[in-house]
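The values are calculated or read from the model by the stated rules, or taken from the named source; none is laboratory data. The model shown is predicted, which means the values in this text are computed figures rather than measured ones. Backbone-built Cβ (ideal geometry, glycine too); neighbour counts: all protein chains shown. Surface accessibility is based on the protein's heavy atoms, side chains included, excluding ligands, DNA and RNA. Shrake-Rupley method; radii C 1.70, N 1.55, O 1.52, S 1.80 Å.
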Amino acid sequence: MKTKIYRVKGTLLDSDKAKPFTREMKAIKEEDIKEKLYSEFGSKHRLNRDQIIFEEIAEIAPEDVKDPIVQNLL
């Protein structure tokens with residue numbers, strides 16, 4: 001199975017305000033990305049799944065990657 005690179009944009013609904021986020025990650029499918037981000041934001045920010053809103057999940061080309069960590073994985 002071939003991994004793909006995704007750019008995820010969304011919002012974290014914290015107790016006092018909404019915080020936008022953008023992440024680039026490698027995964028096989030979109031569902032894997034969602035589960036990884038639910039786990040990460042839940043453990044680091046103590047957010048429930050209903051407090052994490054995904055606005056856009058788009059597959060991107062390797063040359064469009066801006067995150068240096070993901071660039072090193074390519």
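Once segment 1-11 is narrowed to residues that are within 19 Å of Pro68 (Cα to Cα) and of a type in the set (D, E, K, R), the residue that is least open to solvent (accessible area, probe 1.4 Å) is Arg7. Residues in segment 24-46 that are at pLDDT 90 or above and touching an Asp or Glu at 6+ places or on another chain (Cβ under 8 Å): 1 in all. Pairs linking a residue in segment 1-21 that is over 19 Å from Arg49 (Cβ atoms) to a residue that is among the acidic types (Asp, Glu) and assigned to a strand (DSSP E or B), with Cβ atoms under 6 Å and 6 or more positions apart or on different chains, are Lys4/Glu59; Arg7/Glu24. Looking only at residues of segment 43-69 that are under 18 Å from Lys26 (Cα atoms) and β-branched (Val, Ile, Thr), we find that the one that is most open to solvent (accessible area, probe 1.4 Å) is Ile69.
Answer yes if at least one residue in segment 12-27 is among the aromatic types (Phe, Trp, Tyr) and surrounded by fewer than 17 Cβ atoms within 10 Å (Cβ to Cβ), and no otherwise. Within segment 12-27 (the criterion being among the aromatic types (Phe, Trp, Tyr) and surrounded by fewer than 17 Cβ atoms within 10 Å (Cβ to Cβ)), the answer is yes, since at least one residue qualifies.
Summed over segment 36-74, the residues that are in a helix (DSSP H, G or I) and of a type in the set (Asp, Glu) give a count of 4.
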